[in-house]
Amino acid sequence: MIHTIPPYGGTLKECYADDPEVLKREAMGLPEWTLSRRQLCDVELLLSGGFSPLEGFMSEADYYGVVENMRLDDGTLWPMPLTLDVDAGFAALAAPGERIALRDAEGLLIAVMDVSDRWMPDKAHEARRVLGTEDRAHPAMRYLSEYAGEVYLGGRLTGAAAPLHYDFKALRHTPRQLREEFVRRGWSRVVAFQTRNPMHRAHLELTFRAAQRAEANLLIHPVVGMTKPGDVDHYTRVRCYEHALRRFPEQTTMLSLLPLAMRMAGPREALWHAIIRRNHGCTHFIVGRDHASPGKDSLGNDFYGPYEAHELLAAHRDEIGIEPVPFQAMVYVEERAEYVPAGEVAPGETVKSLSGTELRRRLREGLEIPEWFTYPEIAAELRRTHPPRHRQGFTVFFTGLSGAGKSTLANALMVKLMELGGRPVTLLDGDIVRTHLSSELGFSRAHRDLNVQRIGFVASEITKNGGVAICAPIAPYAATRQRVREMIEPLGGFLEVHVATPLAVCEQRDRKGLYAKARAGLIKGFTGIDDPYEPPEDPELRLDTSALSPAAGIQRLLLKLEALGFIARP
Ligand code: PPS
């Protein structure tokens, strides 16, 4: 069904079925694809008209037109490829002419897709053209190379239901709802502000000025779908935006959440953002410095020039259907006690700034966040979800050969931490885990990986919730340990402790008699004997229990935890 809603932004193409019940019956028996988080975001905006004029995933011709020239096959300006990536196994069931059912992770039918195109993309070429790089430090390049399926599908969508959201329902609006809301409020000029960060004073000053310059009302339109890995989670950000909103003159500004999955594609992404806001009924769009920038590449250089996005939008200004409002970075000038665009700083004036990294450091260490940088209520909100390290959870991950002394150290550490108090402590010793979590697993490479990943998962949950997890598996493979580290580090502390007692000592101790059995060939695949142990290259701590008593080892570990800020002086 196509609805045309004047007055803003031209035609809005909503793609929902007239009768979802009929569609649900039709979907029974169709090949089923479970949408990833990113695909679910894409489908939500395709169905709601956020990506008008698209009415589904792109055909092969549209895709190549977009990749090469930023144009759909009919010549319409469109900067970002939007395709359904699937694995070869599923692709075999989805020939052009077939229909497939797209479901969310719980199995709810979201849409039916009439597959029109199926092809194998050249992902490296796509990355070079669209992102301007093949560097894995770019999140969209990493997605393409590590997560995206090898086959792309294109075809129209017919929606059964909008993806379910339980959070911030009152702040979510489809393009049609926003257009209607603007009409209801009598807003004929609306300038949209795109953001994936909490709003601080610089952002408020920038949006005040933009609204004044455009003589428009302001829509704060943050992305809550997927942003850059490592960003502040959207729950915290939305609470910050709600605080920020109270700082604007009443009735001038509105907050609405956009379920977009960003690609961090710099200039092309900025153009895409503008088109999306046009579809949501806005007349103006703020383009910032480094708009949708993914940060530095693996050589430490910027992926895009700071004002490349301004230039691209200016070049296409006549056909986007929304007026770009370019802005330089806003900086705080001490002498004037106010924010001004960077280009307006007079010679000799003192400019103050605080980087994202510095803000995170201050939060982590519980240091002051200056008032010139952000409002107290926003700083307090950030502090709630980013407590200083001594109130964050952490994981101590012992790794080493059988008999190296991991369990002894782990038990001693647990007792010492309980003596210190303050956080719940959980011990995930190798034997405990193999009894309660992994009783069906053996010692093949695949089973060891599964075992260690299960430990990592439980430890990550404990860490996320502010507890201490002490793990003590052999964990012989470096890649698996790295995966565990990546799982936990964004949630709190992670300390890898290599219990580096030499094999000869472990074997001599042979408390369980297993080394003797392994040497006699009665146990196969025994770590250190006929299965490898890959020692950590750069652990937070290395302890050799042949040279150090458990008490001395634990003391060194406590000092390390203290130096990193996770515990008060032992
Ligand atoms: S792993 O590799 O991390 O999954 O191993 P883990 O869960 O820590 O289990 C190691 C304990 O199992 C006993 N065991 C073996 N270890 C190594 N290799 C083989 N083939 C093997 N078979 C049994 C051994 O007692 C280990 O206990 P610890 O406490 O490390 O001595």
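Amide H to amide H, with H built 1.01 Å from N, Leu12 comes under 5 Å of Ile5, counting only residues 5 or more places away or on other chains. Measuring nothing but alpha carbons in the stretch 389-563 and taking Rh as the Kirkwood radius, the Rg to Rh ratio lands at 0.95.
Restricting the count to DSSP beta bridges whose residues both fall in the chain, what percent are antiparallel, rounded to a multiple of 5? Display every interim value, and only then the final one.
Details: 27 of 68 bridges.
Taking every DSSP beta bridge within the chain, about 40 percent pair in antiparallel fashion.
DSSP finds beta bridges in the stretch 218-364, and of those with both partners inside it, around 45 percent are antiparallel. Looking at the stretch 20-159, what % of the alpha carbon pairs are farther apart than 23 Å? Above the 23 Å cut-off, the stretch 20-159 has 32 percent of its Cα pairs. Residues whose amide H comes within less than 5 Å of that of Val287, counting only those at least five positions distant or on another chain, are Val325, Phe327 (H built at 1.01 Å from N in the peptide plane).
Taking amide H positions as modeled 1.01 Å from N, with prolines and chain starts lacking one, the residues under 5 Å from Arg71 and 5 or more places away or on another chain are Val66, Trp78. Three semi-axes describe the equivalent ellipsoid of the chain; taken as square roots of 5 times the Cα gyration tensor eigenvalues and ordered largest first, they are 48, 33, 20 Å.
How much of the accessible area of the chain, probe 1.4 Å, is carbon plus sulfur, in whole percent? It is 51 percent, rounded to a whole number.
Taken one residue at a time, the phi angles of the stretch 28-37 give Karplus couplings (6.51, -1.76, 1.60, θ = phi - 60°) of 5, x, 6, x, 10, 10, 8, 6, 6, 4 Hz. Gly and Pro are set to x. Cross-linked pairs Lys416/Lys464; Lys24/Lys123; Lys464/Lys512; Lys416/Lys512; Lys13/Lys228: Cα-Cα separations exceed 23 Å for Lys24/Lys123; Lys464/Lys512; Lys416/Lys512; Lys13/Lys228. Taken per residue, the accessible surface of the chain reaches 44 Å², heavy atoms only and a 1.4 Å probe. Rounded to whole numbers, the Karplus 3J(HN,Hα) couplings from phi for the stretch 370-384 are x, 5, 5, 8, 8, 7, x, 5, 6, 4, 5, 4, 5, 5, 4 Hz, using 6.51 cos²θ - 1.76 cosθ + 1.60 with θ = phi - 60°, and x at Gly and Pro.
Using θ = phi - 60° in the Karplus curve 6.51 cos²θ - 1.76 cosθ + 1.60, the 3J(HN,Hα) couplings for the stretch 140-154 round to 6, 5, 5, 4, 4, 7, 10, 10, 5, x, 7, 10, 9, 10, x Hz; x is entered for Gly and Pro.
Looking only at the stretch 20-159, where both bridge partners belong to it, what percent of the DSSP beta bridges are antiparallel (to the nearest 5)?
Numbers: 19 of 22 bridges.
Percent antiparallel among DSSP bridges in the stretch 20-159 is about 85.
What is the calculated FRET efficiency for Arg485 to Met418, with r their C-beta to C-beta distance and R₀ = 22 Å, to the nearest 0.05? About 0.30, to the nearest 0.05.
Which of the GluC sites (Glu not before Pro) found in the stretch 353-461 are loop residues per DSSP with 12 or fewer other Cβ atoms within 10 Å of their Cβ? Intermediate results must be reported in sequence, preceding the final value.
Details: sites: Glu358, Glu365, Glu368, Glu371, Glu377, Glu381, Glu419, Glu440, Glu461; in loops: Glu365, Glu368, Glu371, Glu440.
Answer by residue number: Glu365, Glu368, Glu371, Glu440.
Against the globular-protein guess of 2.2 N^0.38 Å, express the Cα radius of gyration of the stretch 273-337 as a ratio, rounded to two decimals.
Working: Rg = 14.4 Å, N = 65, 2.2 N^0.38 = 10.7 Å.
Relative to the rule-of-thumb radius for its length, the stretch 273-337 sits at 1.34.
The values are calculated or read from the model by the stated rules, or taken from the named source; none is laboratory data. Predicted model, so just to flag it, every value in this text is computed and none were measured. Virtual Cβ from ideal backbone geometry, glycine too; neighbours counted across all protein chains shown. What goes into the accessible areas is simple: the full protein's heavy atoms, side chains included, and nothing from ligands, DNA or RNA. Shrake-Rupley method; radii C 1.70, N 1.55, O 1.52, S 1.80 Å.
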